[in-house]
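These notes concern the structure reproduced below.
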Amino acid sequence: MTEYSREDILRIAESENVRFVRLQFTDILGTIKNVEIPASQLDKALDGEMMFDGSSIEGFVRLEESDMYLKP
């Protein structure tokens with residue numbers, strides 16, 4: 001498996017004219033979920049500064065604690 005650095009990811013996204021990035025993960029029951037972000041927010045996501053609403057993800061958090069950090 002090839003490992004890519006943060007800089008590699010940003011360079012590839014720019015050179016391939018990527019417009020959106022879909023980040024996939026599984027909930028606690030193994031169901032695939034995903035979050036789509038615009039490429040303009042990729043830098044922020046790679047820094048762990050992107051948040052999403054986790055209240056609809058089975059087994060993650062209660063509604064009152066629903067804001068979660070997205071860390072690819």
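All of the numbers you see were taken from the coordinates with simple rules; none came from a lab. Treat the numbers as computed from the prediction; the structure is a model and nothing was measured. Cβ: placed from backbone, ideal geometry, glycine included. Neighbour counts: every protein chain shown.
Points to keep in mind about this one:
- Beta carbons closer than 6 Å, at least 6 apart along the sequence or on distinct chains, pair a first residue in region 40-53 that is over 17 Å from E7 (Cβ atoms) with a second that is acidic (D, E) for M51/D67.
- Any hit, region 21-33, residues being of a type outside the set (D, E, K, R) and in contact with a Gly (Cβ under 9 Å, 6 or more places away or on another chain): yes
- Beta carbons closer than 9 Å, at least 6 apart along the sequence or on distinct chains, pair a first residue in region 18-31 that is within 17 Å of M68 (Cβ to Cβ) with a second that is among the aromatic types (F, W, Y) and part of a loop (DSSP other than H, G, I, E, B) for D27/F60; I28/F60.
- Residues that are closer than 15 Å to S40 by Cβ, surrounded by 11 or more Cβ atoms within 10 Å (Cβ to Cβ) and among the acidic types (D, E) within region 1-16 comprise just one, E14.
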